[in-house]
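Step one of this worksheet: look at the structure below.
Computed from the coordinates by the stated procedures, all read-outs in this text should not be read as laboratory data. All figures in this text were calculated on a predicted structure; none of them were measured in a lab. Methodologically, a virtual Cβ is constructed for each residue, glycine included, from the backbone with ideal geometry; neighbour enumeration extends over all protein chains shown.
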Amino acid sequence: MAYLDTLQYAGHGGAFPLIIRGVGMVGTVTVSGLAQADDHALVVAALQAQLDAH
């Protein structure tokens, strides 16, 4: 974040990168509206449920 004006921007949790081995980053899953840790935990739980289903 060294390149962003900290008066205008702030880091905030809730996004999780989707990275495919041998390909790289193909997207993100983002949740907003809960506390940062809860946003992140929801994304992780949803991705884990998808992995477990396949």
Self-check item: Global form of the chain, assessed from the alpha-carbon gyration tensor, a/c cut-off 1.5
Solution: oblate
Practice problem: Report, in degrees rounded to the nearest 10, the 0 to 90 angle that the Cα long axis of helix 36-53 makes with the longest principal axis of the chain. | Solution: 20
Quiz item: Can you sort Val29, Val23, Val43 so the residue with the fewest Cβ neighbours within 10 Å comes first?
Solution: Val23, Val29, Val43
Quiz prompt | Projected label distance in nm at Ala35 and Val23, using a 7 Å step from Cα toward the beta-carbon | solution = 3.5
